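Enquirer: There's a structure below that I have some questions on.
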Amino acid sequence: MARWRRAGLAALAFAALATPIAPGPPAPPLGPGTAALVAEPVLLNEDDPDQRRVGALDFLAGWSLTSDDSRFGGISAMAVEGDRVTAISDSGILLGFAVPGSGPGRVDVLPLPAGPGSPTRKIDRDTEAMFVAGGHAWLAFENRNEVWRYTRPGWRAEARVAPAGMRRWPTNRGTEAMHRLADGRFLVISESLDPDSTSPALLFPGDPTAGGDPVQLRVRPAQGYRITDAAQLPDGRLLLLQRRLTLLDGASAKLVVVDVAALGTGRPVEGREIAHFAPPLTVDNMEALSITREGEQTIVWLASDDNYFPLQRTLLMKFALRE
């Protein structure tokens, strides 16, 4: 089965190279609803069931998630709060569900009530980044290169901005990662790569929708990889999720830590790898990252975007960071 999945991911990589827009959900967005959610446990390594560690991470649990609602999937960003996951798909669909084993196997499905363009056009609502704090959430739309602020739980749009520094970012390689640092600054990173193999980024002095001139940065991912999400660790370091798709190897991912102080040096920001996911480890198109605490443990959550492609999976994986 793992070999078939790797072949499917290689086929997806070919499709991604051949077409500018990944597949969308099989049906246009409907109204809000609740659907069944099935969580099938997965191992860190199907070839070695006893493996529990990858780099600086200890594997705690993992699941392959499916639902009878065709809009489920495409997860590009998420926030884990207690036992609850709030995720956003690359079609502008909000997904809310309990961490498997902690609540009912149901998922709340809600198309964004407001956003750029038409809710039925994936290119308009391709949401790739999210930051959640209390009663507010910020979403970044890749093809529009816009940031919107919403209130929760109703997801009413409060403000929006199309920053001048993001206008030249490619439409399908634009805004991909966004995080509010502990000091209130917002970091927004493009998925695109410039000729020097760095990704453009903007560091806003505060809420991007409130104005303020951002600092332009360069972030250098690992060779062959693209940055898909970011989150700050309790010790202040920035954790970057990076993803790679190739015809030969399918999917792989890396986690890299960055010293936040490096954001102000003016030099390309580089980090240190702490985990590398590649076959035979369980991995897919990893795009979503969230950090929580459980007692003294720092918990790292990863999720994948299945692109609504039958040979891919929506994975949710839970790790403890070795301090």
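Enquirer: Name the strands (runs of 3 or more DSSP E) wholly inside the stretch 61-119 in which the number of residues that are touching a Pro at 6+ places or on another chain (Cβ under 9 Å) is 3 or more. Outline the logic, then answer.
Expert: Values: elements: 75-81, 84-89, 93-98, 106-111.
Ranges flagged: 93-98, 106-111.
Enquirer: Could I ask something else about it? Keeping to the stretch 170-216, report how many residues are more than 20 Å from residue 263 (Cα to Cα) and of a type in the set (A, V, I, L, M, F, W, C).
Expert: The total comes to 1.
Enquirer: Also, quick follow-up: Within the stretch 143-159, does at least one residue satisfy the condition of being under 30 Å from residue 64 (Cβ atoms) and assigned to a strand (DSSP E or B)?
Expert: Going residue by residue through the stretch 143-159, those that are under 30 Å from residue 64 (Cβ atoms) are 143, 150, 152-153, 155.
Now restrict to residues that are assigned to a strand (DSSP E or B): 150.
Taking every residue of the stretch 143-159 in turn, at least one turns out to be under 30 Å from residue 64 (Cβ atoms) and assigned to a strand (DSSP E or B).
Enquirer: Can you give me the number of residues within the stretch 132-183 that are crowded, with 22+ Cβ neighbours inside 10 Å, among the polar types (S, T, N, Q) and closer than 12 Å to residue 114 by Cα?
Expert: Selection size over the stretch 132-183: 0.
Enquirer: Within the group 257, 188, which residue is in a strand (DSSP E or B), at pLDDT 95 or above and surrounded by fewer than 21 Cβ atoms within 10 Å (Cβ to Cβ)?
Expert: Exactly one residue qualifies, and that residue is 257.
Enquirer: From 190, 118, grab the single residue that is in contact with a Gly (Cβ under 8 Å, 6 or more places away or on another chain) and within 20 Å of residue 91 (Cα to Cα).
Expert: 190
Enquirer: May I pose another question? The conditions are (1) out of contact with any helix residue (DSSP H, G or I) (no Cβ under 7 Å at 6 or more places or on another chain); (2) at pLDDT 95 or above; (3) basic (Lys, Arg); (4) closer than 19 Å to residue 174 by Cβ, and residue 84 fails exactly one of them. Which is it?
Expert: Residue 84 satisfies every listed condition except (4).
Enquirer: Okay, moving on. Do you know which residues across the stretch 304-320 are closer than 17 Å to residue 281 by Cα and over 14 Å from the mean Cα position of the chain (by Cα)?
Expert: The answer is 311, 312, 313, 318, 319, 320.
The values are calculated or read from the model by the stated rules, or taken from the named source; none is laboratory data. In this text the structure is predicted, and so the values were computed from the model without any measurement. Here the Cβ is made from the backbone with ideal geometry for all residues, glycine too, and neighbour counts use every protein chain on show.
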